[in-house]
1. For region 58-73, name all the residues that are outside any helix (DSSP H, G or I) and more than 13 Å from residue 37 (Cα to Cα).
2. Can you list residue pairs whose Cβ atoms sit under 6 Å apart, with the first residue in region 144-162 being in contact (Cβ under 8 Å) with a residue 12 or more places away in the chain and the second being open to solvent by 30 Å² or more (accessible area, probe 1.4 Å) and assigned to a loop (DSSP other than H, G, I, E, B)? Count only pairs 6 or more apart in sequence or on different chains.
3. Going residue by residue through region 49-57, is there one that turns out to be at pLDDT below 95, part of a loop (DSSP other than H, G, I, E, B) and closer than 22 Å to residue 179 by Cβ?
4. Among the residues of region 113-137, write down those that are out of contact with any Leu (no Cβ under 8 Å at 6 or more places or on another chain) and not in a helix (DSSP H, G or I).
5. Residue under question is residue 103, and the condition is that it be under 19 Å from residue 21 (Cα atoms) and open to solvent by 20 Å² or more (accessible area, probe 1.4 Å); does it hold?
6. Which ones in region 82-103 are part of a loop (DSSP other than H, G, I, E, B) and touching a residue at least 40 places away in the same chain (Cβ under 8 Å)?
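The values are calculated or read from the model by the stated rules, or taken from the named source; none is laboratory data. The model shown is predicted, which means the values in this text are computed figures rather than measured ones. All Cβ positions, even for glycine, are placed from backbone atoms using ideal geometry, and neighbour counts span all protein chains on display. The protein model used for the area step is the full one, side chains on, heavy atoms only, and it has no ligands, DNA or RNA in it. Shrake-Rupley method; radii C 1.70, N 1.55, O 1.52, S 1.80 Å.
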Amino acid sequence: MTEEMTEERSLRAGETRTVVTPRLRLRPPILADAEPVAALLDDYDVVRMLSRVPWPYTLADAQSFIRDRSDETVFAICLKSGGEVLGLCGIRGNADRPLRGELGYWIGRPHWGNGYATEAAHAAIDYGFTALGLNEISANCRVINEASRRVIWKCGFRFIGSGMIDTAASGRVASESFSLDRSCWRSLKSWGEAQ
């Protein structure tokens with residue numbers, strides 16, 4: 001992790017640690033986050049870009065997601081000052097390829113355009129390669145999601161190809177796939193530190 005990211009408490013088995021960036025605190029979501037998460041996802045323009053989020057999205061959906069996320073590392077993206085929940089991000093494991101994960105993230109509409117998704121994605125990627133010991137992280141976005149594509153490019157991912165994915169809210173949609181491996185991530189980190 002970079003110098004500006006610090007660990008707030010020691011990692012116990014099965015526990016996600018909190019990561020702090022210049023403007024954000026990424027911490028494990030708690031049930032109290034269900035209400036703000038559901039409120040932010042009460043926006044079809046956000047939900048239609050996500051693969052696993054149903055529409056309409058309810059408080060019960062948020063509570064269930066926060067309780068039952070055993071196959072992934074999830075962070076609530078919060079402002080460092082004030083603690084307001086802006087969205088979620090995380091790394092989902094791959095049972096077929098245990099050293100590979102998939103990056104996912106979303107930011108609620110009131111917080112768009114501030115660079116929070118990129119800052120949170122960088123932190124989640126660092127966490128995936130360091131704390132989770134992954135060798136590769138993938139990311140996908142809908143072809144029409146230019147904002148997400150910009151986040152992915154800023155994080156150093158390379159384009160793999162186009163295809164179709166099934167989404168909970170929008171059905172089958174065109175998507176693009178990207179990948180970042182550990183050696184490329186190390187190079188990007190060392191170039192960033194040299195500046």
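1. From region 58-73, those outside any helix (DSSP H, G or I) are 58, 68-73; that's our starting set.
Scanning region 58-73 gives 68, 69, 70, 71, 72, 73.
2. 145/49
3. yes
4. Correct list: 113, 114, 115, 132.
5. Details: under 19 Å from residue 21 (Cα atoms): yes; open to solvent by 20 Å² or more (accessible area, probe 1.4 Å): no.
Taking the combined requirement at face value, the residue does not satisfy it.
6. Keep residues of region 82-103 that are part of a loop (DSSP other than H, G, I, E, B), which gives 82-84, 94-99.
Residues satisfying the conditions are 83, 84.
Quick grid of which residues meet (1) more than 12 Å from residue 103 (Cβ to Cβ); (2) open to solvent by less than 50 Å² (accessible area, probe 1.4 Å); (3) in a helix (DSSP H, G or I); (4) not small (Gly, Ala, Ser):
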position	(1), (2), (3), (4)
139	no, yes, no, no
162	yes, no, no, no
169	yes, yes, no, no
188	yes, no, yes, yes
